[in-house]
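Notes to accompany the following structure.
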Amino acid sequence: MSSKFDVIVVGAGPAGLAAAYKLASAGFKVLVLERGREPGSKQVYGGRIYAYWLDKYLPEFRKDAPTDRWVRKERVSLMTDESVTTIEFEVVKPEKTSFVTSLYSFTSWLGKLAASAGAKIVTEVVVDELLRDEKGRFIGVRSGQDKVYADYIIDAEGVNRLLLERAGIVPRLKPELVAVGAKEVLKFDNRKIMEDRLGLSEDEGLAWAFAGWPTEYLPGGGFLYTYRDSVALGVVVYLTAWRQLVTPVYDLAERLRTHPYIARLVAGASLQEYSAHLTPVAGISMAPPRFSYDGLLIAGDAAGFLMHAGVLIRGVDFAVASGVLAAEAIKEAGRPDALSRYDDKLKSSFIIRDLAAFRNADKVLSGQFAFNDLPKLVNALMRNYFTIEDRPPTIASALKTTLGESNVSLTKVLINMMYALAYL
Amino acid sequence: MKFVVLTKAAVPLSSAIRIDPKTGTLIREGVPLSVNQWDRDAVEFALKLRDKYGGEVIAISMAPPSGIPALESLIGMGVDRAILATDRAFAGADTWATSFVLAKTIEKYVPDYTLVIAGEETIDSTTAHVGAQVASHLNIPYVYYVYDAEIHGNKVRVRRFLEDEGVDEFYEMDLPALISVAKGTQMPREISLLRKINARDRIMQATNKELGLDPECVGLKGSPTFVAGQTGATFPPRKRKIFAGDPRESVKALVEELKKEGLL
């Protein structure tokens with residue numbers, strides 16, 4: 001038994017579905033294969049989607065995509081067990097530049113868009129292998145005993161890219177390339193309570209990043225995003241660091257929830273979901289040697305298209321844009337052996353430019369300064385400055401006392417500041 | 001031969017279960033549904049009979065349209081076609097009204113059926129009523145908890161094992177008949193991608209316009225069962241106490257705490 005399509009997309013996530021939508025709209029016979037029960041059911045992210053590139057690549061989202069709350073407030077907190085220092089940025093007039101929504105609802109919306117354009121989405125299917133012909137060209141996929149063929153394959157299988165590994169395109173994932181995230185969704189019976197506690201008006205969103213205590217001062221961070229009537233609260237830890245954790249990864253989200261500072265913010269909210277997933281952290285360093293092969297294009301997390309720069313974390317806009325570019329490349333190529341234009345398109349797009357700009361971000365983000373020294377120093381400094389004792393009440397004196405109490409030199413602080421400026 | 005499998009798109013997750021406060025019945029709309037897992041045994045059983053004796057396997061279900069993916073996955077297993085009886089009028093049905101609709105759907109669309117096969121029970125209601133009631137509506141003999149069957153002419157010989165008695169029983173019935181398949185006795189086959197791709201084309205939907213059943217006999221109205229009252233299991237607030245440290249010590253502390261609460 002066999003079956004033939006123009007395009008097979010592996011993975012019904014933002015990348016795969018954006019490609020499927022564009023191709024189906026252009027009249028291609030598209031098959032999307034998804035392992036989960038429905039599009040989006042196996043996906044996890046923190047919580048935010050940036051709108052700028054979506055406006056360019058998928059402007060349809062403005063019409064009716066679910067956007068729970070547009071972000072008005074950005075917070076970055078350095079956290080220890082006994083204090084928290086926060087920088088907050090808030091625009092006076094609300095803007096629509098990024099929004100918080102559940103990835104499941106967004107993907108579900110995109111799935112309906114793709115399906116209504118004519119793409120065939122089949123769920124609960126595990127693809128076992130990318131099929132090649134005797135010349136090495138990609139010609140289809142195998143699932144169990146079944147083979148399905150197509151002129152073009154788009155691999156949007158996500159971060160854990162087993163198919164690309166099996167095809168020999170990428171080596172097994174190295175711990176340095178990924179982090180593991182675990183998150184809880186905590187629902188408020190009355191969303192007004194959530195808004196009041198977080199200082200939000202109706203429909204306004206908050207994006208909040210934490211460094212230090214949530215990861216036991218190891219590389220990674222905590223986050224809190226506001227959905228309509230719930231918050232996503234979670235922790236991401238670099239895979240290279242997880243062995244050093246005292247708390248098991250799966251307990252980190254709960255541990256953050258029980259920190260006295262967070263506990264009062266989410267008191268009374270009930271646990272709605274619990275999820276965990278790998279996430280790329282090394283961006284372009286995780287990229288396969290090429291993004292296009294004869295008959296095959298690679299998009300989304302599978303290609304390493306996720307920008308992790310500490311506080312700035314962008315995945316969905318990269319995924320959608322790469323899916324759209326893959327669709328354009330297929331439309332323009334006209335034949336499976338002319339897909340290298342996809343690589344060109346990526347290189348001249350923001351995707352490769354932005355990822356390349358953060359090529360060295362993990363030099364700063366995988367060291368101990370940002371997650372251990374900095375949160376501890378800043379909190380100690382604040383405490384020393386704001387506490388009146390028998391010493392000169394100046395910033396210089398507080399800084400001197402703080403550095404004296406720690407084993408971090410001023411030189412180290414300055415060097416790391418320069419790294420941050422250079423790489424982030 | 002025509003093997004009809006009764007199947008339910010069940011509410012699979014306890015967290016997805018919501019009860020309609022007015023009627024006390026399970027809310028199925030807007031809830032993710034999937035094949036009642038014991039029905040997979042019934043489907044496998046039917047497919048084996050079809051593979052041995054020829055004919056076709058037809059799955060029949062009553063559900064809102066959200067039950068379609070469940071039928072698609074059965075077609076992926078090898079079911080030849082499926083009929084979904086779906087109508088707002090059918091909502092809130094108890095097992096009696098459900099089996100009435102199922103029986104009438106069989107009579108209308110598969111009048112020449114050979115054997116009706118049901119799963120042992122559902123995972124979200126666990127009544128095991130529907131098989132027997134469908135057989136009663138159709139006025140055919142039935143045997144429950146079957147694990148093997150052979151067809152000889154117009155008779156079926158079935159075997160079942162009774163755990164408590166430790167007895168293996170044989171029955172012979174005239175066809176058509178109904179059996180329910182003991183759960184866990186079959187090895188449900190894998191779902192084929194190629195079959196799933198075009199599964200939708202093999203599903204027929206029948207509303208009450210086509211079935212023409214008396215509105216008094218279906219749905220909540222046709223259900224003699226009513227929920228007289230219910231006591232919700234209340235969830236006491238969790239204390240979120242963590243007993244960390246040396247496992248021996250923390251278990252001791254936990255036991256002490258439970259004793260103090262009067263739980264041990």
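Below is a table of values for the structure above.
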read-out	value
Overall Cα dimensions of the stretch B:33-136, principal axis frame, Å, largest first	38, 26, 22
Inter-site label distance for A:Ala357 and B:Thr126 at 7 Å from Cα along Cβ, in nm	5.8
Of A:Ile153, A:Ile298, A:Ile313, the one that fluctuates the most in a GNM where chain A has Cα springs shorter than 10 Å	A:Ile313
Chain-alone versus full-assembly comparison, the stretch B:172-193, residues with accessible loss of at least 20 Å² (1.4 Å probe)	B:Leu193
Helix-derived mean residue ellipticity, 222 nm - over chain B, DSSP H n ≥ 4, -39500 (n - 2.57), to 500	-8500 deg cm²/dmol
Value of relative contact order over chain B, rounded to a whole percent, pairs C-alpha under 8 Å and six or more apart	24
Share antiparallel - DSSP beta bridges, chain B, percent rounded to 5	40
Descending semi-axes in Å of the stretch A:338-399, equivalent ellipsoid built from Cα gyration tensor	48, 11, 7
With every protein chain in place, the protein assembly as shown: carbon and sulfur % of accessible area (1.4 Å)	54
Mean Cα-pair separation over length for the stretch A:143-242, i.e. relative contact order, pairs under 8 Å, 6 or more apart, %	29
In order through the stretch A:222-239: 3J(HN,Hα) via Karplus (6.51 cos²θ - 1.76 cosθ + 1.60), integer Hz, x for Gly, Pro	x, 8, 9, 10, 9, 7, 4, 10, 8, 10, 9, 10, x, 9, 10, 10, 4, 5
Kyte-Doolittle mean at least -0.5 and Cα axial length at least 15 Å: DSSP H helices in chain B	B:95-109
Debye equation applied to the C-alpha atoms of the protein assembly as shown, log10 I(q)/I(0) at 0.09, 0.10, 0.12 Å⁻¹	-0.93, -1.09, -1.32
Cα gyration tensor of the stretch A:1-121 - equivalent ellipsoid semi-axes, whole Å, descending	35, 17, 10
Rg [Å, one decimal], Dmax [Å, integer] - the stretch B:186-264, C-alpha atoms	27.1, 68
With at most 15 other Cβ atoms within 10 Å, longest stretch of chain B clear of loop GluC sites (Glu not before Pro) (DSSP)	B:30-162
Tail fraction, Cα-Cα pairs, the stretch A:57-180, threshold 24 Å, whole percent	57
Rounded, prolate or oblate (a/c below 1.5 giving rounded, otherwise prolate when a/b exceeds b/c) for the stretch A:1-57 by Cα gyration tensor	oblate
DSSP bridge orientation in the protein assembly as shown - percent antiparallel, rounded to nearest 5	60
Cross-link partners of A:Lys93 among aspartates and glutamates (Cα-Cα below 19 Å; sequence separation of 8 or more within a chain)	A:Asp68, A:Glu74, A:Glu195, A:Asp196, A:Glu202, A:Asp203, A:Glu204
Range in chain A, longest, excluding exposed GluC sites (Glu not before Pro) [loop by DSSP; at most 11 other beta-carbon atoms within 10 Å]	A:203-388
Alpha-carbon radius of gyration plus Dmax, which is the widest Cα pair, for the stretch A:365-424 in Å	12.5, 40
Relative contact order for the stretch B:18-168, counting Cα pairs under 8 Å that sit 6 or more residues apart, in percent	20
Candidates B:Pro188, B:Pro236, B:Pro176: whichever shows maximal mean-square fluctuation once chain B is modelled as a Gaussian network with Cα springs under 10 Å	B:Pro236
DSSP-defined beta bridges in the stretch B:138-264 - what % are antiparallel, rounded to 5	80
Restricting the stretch A:149-205 to trypsin sites (Lys or Arg not before Pro) in coil, as DSSP defines it, with at most 16 other Cβ within 10 Å	A:Arg172
Expected-Rg normalisation [2.2 N^0.38 Å, Cα atoms] applied to chain B	1.19
Residue with peak Gaussian network fluctuation, chain B [Cα springs, cutoff 10 Å], from B:Leu162, B:Leu175, B:Leu33	B:Leu162
Diffusion constant of the stretch A:244-286 at 25 °C, which comes from Stokes-Einstein with the Kirkwood Cα-pair radius and 0.890 mPa s, µm²/s	192
Signed unit charges on C-beta, dipole axis of the stretch A:10-112, positive-most listed residue A:Thr80, A:Phe61, A:Leu33	A:Leu33
Calculated FRET value between A:Ala26 and A:Asp337, using beta carbons and R₀ = 22 Å, to 0.05	0.65
With eigenvalues of the C-alpha gyration tensor scaled by 5 and rooted, the stretch A:90-163, Å	35, 15, 12
Unit charges on C-beta of K, R, D, E only; dipole of the stretch A:148-295, Debye	440
Lys, Arg +1 and Asp, Glu -1 on Cβ, resulting dipole of chain A about Cα centre, debye, nearest 20	500
Largest to smallest principal axis extent of the C-alpha atoms in the stretch A:262-402, angstrom	78, 40, 19
Radius ratio Rg over Rh of the stretch A:186-325, counting only Cα atoms, Kirkwood formula for Rh	1.04
CD proxy at 222 nm, helix term only [per DSSP H run n ≥ 4: -39500 (n - 2.57); per residue of chain A; nearest 500]	-9500 deg cm²/dmol
Model label zone, B:Ile19; criterion: amide N under 20 Å from point 7 Å along Cα-to-beta-carbon; scope the stretch B:111-127	B:122-127
B/A buried area, accessible surface, summed, 1.4 Å probe, Å²	1300
Within straight-line cross-link reach of A:Lys147, lysines at Cα separation under 25 Å, skipping those fewer than 8 residues along the same chain	A:Lys4, A:Lys22, A:Lys29, A:Lys42, A:Lys120, A:Lys135, A:Lys331, B:Lys48, B:Lys196
1.4 Å probe, heavy atoms, protein only - residues of the stretch B:196-223 losing at least 20 Å² accessible area vs chain alone	B:Lys196, B:Ile197
Estimated dipole of the stretch A:141-224 in Debye, rounded to 20 [Cβ of Lys and Arg +1, of Asp and Glu -1, Cα centre]	440
For the stretch A:82-123, with +1 on Lys and Arg beta carbons and -1 on Asp and Glu, the positive-most of A:Phe89, A:Ala115, A:Ser102 along the dipole	A:Ala115
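The values are calculated or read from the model by the stated rules, or taken from the named source; none is laboratory data. Bear in mind the structure is a predicted one, so any value in this text is a computation, not a measurement. Glycine also receives a Cβ, built like all others from the backbone with ideal geometry; neighbour counts cover every protein chain displayed. Just the protein is used for accessible areas: all its heavy atoms, side chains included, with ligands, DNA and RNA removed. Shrake-Rupley method; radii C 1.70, N 1.55, O 1.52, S 1.80 Å.
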